[in-house]
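Engineer: Let me begin by handing over the structure; questions about it come next.
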């Protein structure tokens, strides 16, 4: 009988999923009822991702277990339909990065900013790119987890900026 042991990278990805789930749960304290419900849903999906990464063998196609991949896709879909959560639709890259080390990207998930806010958004994007560099070269997983807190705080600021531009 083979007993599955998760790799160090899978454990790091699982821990990142738990950190992000905790961020989602904390955000419910200050969110609207709709966004709070979506944040809880994201957190629950990330719990599934973490358990799957710890307990299941990775899929050859994705490098992570199929159940984790599907739950992460569902969490990103939820974020894309609930911009008030402050989570960008591609936030899953911060979890899978621990496994695949693909370059982290800053996209514009919140649409075009108003002219008055373009400079503010550019500063947030520059800060995100700086944190991405630090995250990619983090000496320990504990440092990476702390950087994730900052990355997601900046995305929350970008979401707030976008809400201001919509009126």
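A short reminder: the numbers here are calculations on the coordinates, not readings from a lab. Keep in mind it's a predicted model, so treat the numbers as computed, not measured. Heads up, the Cβs are rebuilt from the backbone with ideal geometry, glycines too, and the neighbour counts pull from every protein chain shown.
Engineer: Which residue fluctuates most in the GNM of the chain (Cα springs below 10 Å): 117, 91, 30?
Structural biologist: Sorting by GNM fluctuation, first place goes to 30.
Engineer: Under the rule of -39500 (n - 2.57) per DSSP H run of 4 or more residues, summed and divided by the residues of the chain, what mean residue ellipticity at 222 nm is obtained, to the nearest 500 deg cm²/dmol?
Structural biologist: Details: 6 runs with 111 residues, N = 167.
It lands at -22500 deg cm²/dmol.
Engineer: Given a 10 angstrom Cα cut-off, can you work out which residue in 61, 127, 31 is the most mobile in a GNM of the chain?
Structural biologist: Top of the fluctuation ranking is 61.
Engineer: Select one label from (i) 68; (ii) 59; (iii) 72: the one whose number is percent of Cα pairs over 18 Å apart as derived from the coordinates shown.
Structural biologist: The calculated read-out lines up with (ii).
Engineer: Fewest Cβ neighbours within 10 Å first, please rank 106, 151, 125 accordingly.
Structural biologist: Going from least to most buried by this count: 125, 106, 151.
Engineer: Mind checking the angle between helix 33-55 and the chain's longest principal axis? C-alpha axes, 0 to 90 degrees, to the nearest 10.
Structural biologist: With rounding to tens, the tilt is 20 degrees.
Engineer: Turning to a different aspect of this structure: How far is helix 141-166 tilted off the main Cα axis of the chain, in degrees rounded to 10, range 0 to 90?
Structural biologist: Around 30 degrees separate the two axes.
Engineer: Moving on to the next point. Below 8 Å, C-alpha to C-alpha, sequence gap of six or more: please give me the relative contact order for the chain in percent. Don't skip to the answer; put the middle values down first.
Structural biologist: Details: 209 pairs, mean separation 37.7, N = 167.
Normalised by residue count, the contact order of the chain is 23 percent.
Engineer: To the nearest 10 degrees, how steeply does helix 66-80 sit against the main Cα axis of the chain, on a 0 to 90 scale?
Structural biologist: Roughly 10 degrees, rounded to the nearest 10.
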